[in-house]
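See structure below.
Since every read-out is calculated from the coordinates, none of them should be taken as a lab result. Because the structure is a prediction, the values reported are computed rather than measured. Neighbour counts are summed over all protein chains in view; Cβ atoms, including those assigned to glycine, are modelled from backbone coordinates with ideal geometry.
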Amino acid sequence: MDMPNPNTARKELLKLKKVIHPKSRKTQALAKQVKKVSAREKTKLVHHMKQNLLGEKLIWFRDNLEPGAAAYTPQLVVQLIDKYLKRFSDELEQIKLKHSVGNRGKSRQHASREDIIRLTVLRDEEEFATCGLEVPDLLNPKQLQLLRSWSGELRYIQNLRLVRLHRRGLKELASKQPQGLATVEAEVPGEQEEAQVSGEQRRQSSDQSAPEKVPNAASSAESSTHRTNEGPMDIDKC
C-alpha cells in the first residue's frame, strides 16, 4: 500500500474541474489524507529534534571525559554533571556583557536565547536534584569505553546506554563504596579461620575414632561435648 503524500492530495484537488461540496465524501477523504501525512511529518520532525539534542548531550560528555580515566567513580560523575550544568555560563556572560553596553539592557537583545538557556539549566538542575538526570552510564567501564570510541553519528546512539542519576543517590553510593571494599577484605581471614577450624575438627574426630589412644568413657564424654559446642561461637571460643 502506497504511503499518502500531501503533494498528491493537493494535485487531486487541483484536478477537480468543478466545484465540489466541502462536506462531500471525496473532499473529506482528501482532507483526512493531508491531515494524516502532516501529523506523520510532525512526528518525524519531533523525533529528529530529540535525537539531535540527545546527540549534542552525548558529544559533550564524550569530549569532557578525563583522558586517563579507565573507570569513573561516583565522585567523578558528580563533578562531570556539575560541569555539564554550567556549560552555558560563558554564553550567558557574553549576553550579559552585551546588555551592559549602552542602552541595550532595556531592549533585552537575545532575550529569547537567554530565556531558553535559563529554562534548560533550571530543568536539568531540578532533575538532577529529584528524579534524576538522563546521562550516559559512566559507572559502567564497558559503556565508558563505547562512549569514548563513539564517532558522533546519531545512528549509533542505540549502542549507548542511558541512565538517570541524581545527586543524593551518587553521594550515597560514594559513601558506601569504601565500606564495601573493607567488607570484602574482611571476609578473607574469616574463610581462613573456618578452614583451620574444620581441619581441627577432622583431627579431633580422627583421634576420637582411635580406640587404642582414647578410653571409651572419655571418648563418649568428649564426643558429647563436641556435639553441644557445635555452634560457630563456641568453636571460636575454644
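Extension gain for ARG113-ARG168 works out to 16.7 nm (0.36 nm per residue, less the C-alpha to C-alpha distance). Assuming R0 = 35 Å, can you tell me the calculated FRET efficiency for the pair SER175 and GLU56, based on Cβ-Cβ distance, to the nearest 0.05? It comes to 0.60.
Net length available on complete extension from PHE88 to GLN75 is 2.5 nm, with 0.36 nm assigned per residue and the Cα-Cα distance removed.
Extending 7 Å from the Cα toward the beta-carbon at both THR120 and HIS21 defines two label points whose distance is 5.3 nm.
Among ASP82, ASP137, ASP63, a tally of other beta-carbon atoms within 10 Å of each Cβ gives an order, fewest to most, of ASP63, ASP82, ASP137. Taking Lys and Arg as +1 and Asp and Glu as -1, the other residues whose beta-carbon sits under 12 Å from that of ASN159 total +1.
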